[in-house]
Amino acid sequence: MLELLSEHVCFGGVQRFYRHTSQSTGLPMRFGVFLPPAAHKADAQVPALFFLAGLTCTEETFMIKAGAQRAAAEAGMALITPDTSPRGAGIEGESEHWDFGVGAGFYLDASEQPWASHYRMESYIHELQQLVVKELPIHPRRIGISGHSMGGHGALTLALRRPDIFRSVSAFAPIAAPSRCPWGIKAFSGYLGEDRRKWAAHDASLLMEQEQTPFPDGILIDQGLGDKFLTEQLYPEEFEAACINARQPIQLRRHAGYDHGYYFIASFIDDHIRFHARNLAG
Ligand SMILES: N[C@@H](CCC(=O)N[C@@H](CS)C(=O)NCC(=O)O)C(=O)O
């Protein structure tokens, strides 16, 4: 059951925000949807791009800051923006850190208490995918996924774990080797415990080592070279090397001067929308 929170006409399509009760997290969750003009036609089923945002963000951040709606309207593509964590779980200290807990769900299902009951963001994204396909004019199999930073980690890992659902994948400045960076180590220790075998199932570079070209149309990653988190937290070169070993086509574009923020994302989002539109056309 979807509760419409707001609706705005945008580039001939419509920007909406919804709330619903999630079985996966056991809590009310919010998400954003942009439907392009092509979705207004009778019996329309448009392709959709899930965009997973990064640490401290909400379902609104990408919709407000990336300026993606113009290209999505032109490409006839829906945009779906989930929140970045459950909210209101009532776990002591869940809002104390900006890189763990609220706003930092890392798109995985926690196995450790007190997080395991509500912090189930991987299951939630799958629940949301099924919900939007059922309730909105979205094609059930033409679904792509992208994301930024923690959301780039989410996009790469969810796509690698379920390439049958997410048929096209890209990322901006992803946390590409979380098992070896401070953000990833903190999140994986807290949500998954200390057994590093569990971590490997949620680490894009380690997952890619076990793969054989899951995305023959390629993976697109953009990375700003002025990104203050690049050296300590992101490691896109590790994911690139794993792709080359697995014969997975990858385009890792390195952009001089661009930082980690949404001015960088806004500069290249149109390329990502067109990349996914091409991959999901068939
Ligand atoms: N609060 C952090 C930064 C958090 C941050 O940069 N978040 C990124 C994702 S990892 C983001 O998209 N923030 C929202 C924005 O830039 O509008 C700091 O103090 O360095």
*What dipole magnitude, in Debye to the nearest 20, does region 46-107 give about its Cα centre under +1 on Lys/Arg Cβ and -1 on Asp/Glu Cβ?*
320
_Among Met121, Pro86, Ser168 - extreme Cα towards positive end, dipole of region 2-280, charges at beta-carbon_ = Ser168
*Considering only DSSP beta bridges whose two residues both sit in the chain, what percent are antiparallel, to the nearest 5?*
50
*Over all alpha-carbon pairs in region 108-162, figure out the percentage whose distance exceeds 16 Å.*
50
_Could you work out [θ]222 nm for the chain from helices alone, using -39500 (n - 2.57) per DSSP H run of at least four and dividing by all its residues? Round to the nearest 500 deg cm²/dmol._
-9000 deg cm²/dmol
_Going Cα to Cα from Lys134, which lysines come in below 24 Å? Please leave out same-chain ones fewer than 8 positions away._
Lys41
*What is the spin-label model distance, in nm, from Glu7 to Ser123 if the labels are put 7 Å beyond Cα along the C-beta direction?*
3.2
*What is the calculated FRET efficiency for Asp43 to Glu96, with r their C-beta to C-beta distance and R₀ = 30 Å, to the nearest 0.05?*
0.05
*Cα centre as origin, Lys/Arg/Asp/Glu Cβ charges: region 2-280 dipole, Debye*: 660
*Which of Gly190, Ala71, Val102 sits farthest toward the positive end of the charge dipole of the chain, with +1 on the Cβ of Lys and Arg and -1 on the Cβ of Asp and Glu?*
Ala71
*asked:* Rolling a 1.4 Å sphere over the protein heavy atoms, what is the accessible area per residue of the chain, to the nearest Å²?
replied: 41
*Gyration tensor verdict on region 166-276 (Cα atoms; rounded if a/c is under 1.5, prolate if a/b is larger than b/c, oblate otherwise)*: oblate
*Could you pull out the trypsin sites (Lys or Arg not before Pro) across region 140-231 that fall in loop regions by DSSP (anything but H, G, I, E, B) with no more than 13 other Cβ atoms inside 10 Å?*
Lys228
*Tell me, how many Å apart are the Cα centres for region 217-267 and for region 20-35?*
29
_Carbon + sulfur, % of accessible area of region 2-280 - ligands and nucleic acids excluded, 1.4 Å_ = 48
*If you average the sequence gap of Cα pairs under 8 Å that are 6 or more apart and divide by the length of the chain, what percent do you get for the contact order?*
17
*Which of the lysines could a cross-linker bridge to Lys186, judged by Cα under 27 Å and excluding same-chain residues fewer than eight apart?*
Lys198, Lys228
_Cα-based convex hull, the chain, per residue volume (Å³, whole number)_ = 112
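The values are calculated or read from the model by the stated rules, or taken from the named source; none is laboratory data. Predicted model only: the values in this text are computed from it and were never measured. Every residue, glycine among them, receives a Cβ derived from its backbone with ideal geometry; neighbour counts consider all protein chains shown. For the accessible areas, the whole protein counts, side chains as well, though only heavy atoms, and no ligand, DNA or RNA atoms are used. Shrake-Rupley method; radii C 1.70, N 1.55, O 1.52, S 1.80 Å.
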